[in-house]
Amino acid sequence: MKKFIAYSATGLLLTVFSSSASAISQICVSATQFGIPQCALNPATQAACVASIQANHPECFGTTSSTAASSQGIYSTTIQQMLAISTAVGARTVTNQNRPGSKAADSGQAFGLAAGNPSAQWNFWGSVNNDKNKYDRGSYVDAAAAIRNNRYDTNVTNIVVGGDYQLSPTVAGGLSAAFDNSSGTGESFLAGVSQGIAAQSTNGYTVAPYVGWLINQDWSLDATLGFGKVKTNSDGITGKADRLFYGTNVNYVTYNGNWQLTGKGSYLHGEEKSGNLTNGVGALMAGTATTNKIDQLRVQAQAGYWMNDNVMPYFGLGYSNDISRSTTVGAAAQLGKEIGKNAMVWTAGINFFSIKNSITGGLAYNQETGRTYAKNNNLMGNINYRF
């Protein structure tokens, strides 16, 4: 009897899932293989026609037509890469023998790297970050007076590796590469009824040279310029985008006994420019190309306590503001995918040191709060080796 109930329940769930998958497939097929080609028949109204389809069925188009999903993607990839670079460079340049243990933890956005042997010229490091993003637009009324909602749930894994060389006592230059992968779902609602759930995924990479400058024993500066590409897939609707990002960070560190106090101020820019999408039968969909850009300011304060020569737990609080965010997506689509520009970032972590072996590393958890309609948390691990 128990087996019969279990098999019946499993069959029911599979049937429901199959029906949902079939529903979303049919919706996306109708929208992308028939709807958008029909829009092209009238050039005078093509742009408005495509924008209307994208606004009503964002789950079929992935991050390219969603200001919320594209923003979260940029936060979790290129902006995280710039922060990881800044952590590695800042930790290298603030090392000073007058500090406790001749070591310094990361300064701001807190991802656990710390300095090793201050005399080492080469520095190699790696970072693994897992971001969990949730988005719920909430009920809103569209241009046609229909009640709608949009939701996204995405996990992003970003791996960054880098190496730099001490060019002078105060300047280091290096190169980093990052590889990211995301998977999740998108769902839209009409009058409270789900229009179906679409599976969404991305795969991307970036390359970024960087430089760090030790201004004095307390202050340092770093800058990054990067390029890359990303592929997107939303239930068979595929696309490609070019990435461009750049940023600069000012780092500060001081000590009070065993307490280490750090700060960071950041300006970060990220953008993705996508060409026209390709539908499920391999045809380009005219009018679906988009460009999304973000300019962000961040400030971060952090306190760590040296428990012994090998361990330092820390906590931090930061604030981020998207001072500028632009997209070529139409106003109707933007209305359904607003995300909010301000957020607080809470951080807790621990650094580990093996000075004898010139190896350091750490773990950190970051929780973002306050951004309208969206939630984010991430877990990051780092390792650093010098010689």
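Express the carbon and sulfur contribution to the solvent-accessible surface of the range 255-342 as a percent, rounded to the nearest whole number, probe 1.4 angstrom.
Ligands and nucleic acids excluded, carbon and sulfur reach 57 percent.
Within the range 233-287, which trypsin sites (Lys or Arg not before Pro) sit in a loop by DSSP and count at most 13 neighbouring Cβ atoms inside 10 Å?
Of the trypsin sites (Lys or Arg not before Pro), not one in the loops of the range 233-287 has a Cβ with at most 13 other Cβ atoms within 10 Å.
Picking from 238, 223, 249, whose Cα lies most toward the positive end of the charge dipole for the range 216-257 (charges on Cβ: Lys, Arg +1; Asp, Glu -1)?
Farthest along the dipole direction, towards plus: 238.
If you take the charge dipole of the range 260-353 about its Cα centre, with +1 on Lys and Arg Cβ and -1 on Asp and Glu Cβ, which of 327, 299, 314 is farthest toward its positive end?
327
Quick one: which of 39-47, 133-141, 180-188 comes out on top by average Cβ neighbours within 10 Å, and what's the full order, highest first?
180-188, 133-141, 39-47
To the nearest 10 square angstrom, what accessible area does residue 307 show with a 1.4 Å probe?
Surface accessible to solvent at residue 307 totals approximately 130 Å².
Could you sort 30-38, 75-83 so that the peptide with the highest average Cβ count within 10 Å comes first and the rest follow in order?
Going from most to least packed, we get 75-83, 30-38.
Roughly how many Å² of residue 306 are accessible to a 1.4 Å probe, to the nearest 10?
The value for residue 306 is about 10 Å².
Output the peptides 288-295, 328-335 sorted from most to least packed, where packing is the average of other Cβ atoms within 10 Å over each peptide's residues. Please list the in-between numbers first.
Working: 288-295: 20.6, 328-335: 17.5.
Put in order of decreasing packing, that is 288-295, 328-335.
Just to be sure I understand the model, the point goes 7 Å from the Cα along the line to the Cβ. What's the resulting residue 283 to residue 177 distance in nm?
Spacing of the two 7 Å Cα→Cβ label points: 3.9 nm.
By its C-alpha gyration tensor, with a ≥ b ≥ c as the square roots of the eigenvalues, how is the range 275-365 shaped: rounded for a/c under 1.5, else prolate for a/b larger than b/c, else oblate?
It comes out prolate by the Cα gyration axes.
Can you count the Lys pairs in the range 230-341 with C-alpha separation below 14 Å, eight or more apart or on different chains?
Summing the qualifying lysine pairs gives 5.
The values are calculated or read from the model by the stated rules, or taken from the named source; none is laboratory data. Keep in mind it's a predicted model, so treat the numbers as computed, not measured. Heads up, the Cβs are rebuilt from the backbone with ideal geometry, glycines too, and the neighbour counts pull from every protein chain shown. In case anyone asks, the SASA skips ligands and DNA or RNA and just uses the protein heavy atoms, side chains included. Shrake-Rupley method; radii C 1.70, N 1.55, O 1.52, S 1.80 Å.
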